[in-house]
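Report on the structure given below.
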Amino acid sequence: QNFYFDGSNYKFINDGYGTRFVQNAGTFAFFVSDASGSAGGNVNFLQKITIDTAGRLLIGTTTEGEGTADNLTIADSGNCGITIRSGSSSEGNIFFSDGTSGADEYRGTIQYNHSSNYMQFATKPEAAGVAEAMRIDSSQRLLIGGTSSLNQYGSQSNLQVQGTGFNASTIALRR
């Protein structure tokens, strides 16, 4: 930690940034100086990460998100997002779970497969895993009900709906 309190202000000990960790009434907060400072200069701390008493992780904010999606809240005054970085022949995954074992751990999934460059959306667990409901392949084709592009009449359509029978592969358009 590169700061001290002189009785009225936080001051830098050395040139550089300052960091501060505070625990108060069950809430944990991590602060970082807003700029690199000079030894003896005032430190202006900004709260960057908070774990509140409910166990919510707040990054870039002290206000949790909407009540049904507030366990992790990430905020920024500009562009904001999450990056999931995995190996070039691996997968990046988001799993939706309603239990701690078996298929309950992956009731729904969003998966990006780097080796074949497709994004898969899956639901409804089966004995061997989840059923792939939709895929966006490396050629930007949307495949529903199938995992590989169909070559019908010499062309591969950008939207393909596959099923096991007439009623299982229909598209309904309604006005």
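Think of the chain as a dipole: +1 on every Lys or Arg Cβ, -1 on every Asp or Glu Cβ, centred on the Cα centre; then among PHE30, LEU159, SER88, LEU159 lies furthest on the positive end. Each of ALA39, LEU57, MET119 was scored by the projection of its Cα onto the charge dipole of region 1-135, and the greatest displacement toward the positive side belongs to ALA39; charges sit on the C-beta of Lys, Arg, Asp and Glu. The calculated Kirkwood hydrodynamic radius for region 1-115 is 17.4 Å, given to one decimal from all distinct C-alpha pairs.
Within the accessible surface of the chain, defined with a 1.4 Å probe on protein heavy atoms only, the carbon and sulfur portion equals 49 percent.
The values are calculated or read from the model by the stated rules, or taken from the named source; none is laboratory data. Owing to the predicted nature of the structure, the values given are computational and were not obtained by experimental measurement. FYI the Cβ positions are ideal-geometry reconstructions off the backbone, even for glycines, and counts take in every protein chain you see. Remember, those area values only see protein heavy atoms, side chains included, never the ligands or the DNA or RNA. Shrake-Rupley method; radii C 1.70, N 1.55, O 1.52, S 1.80 Å.
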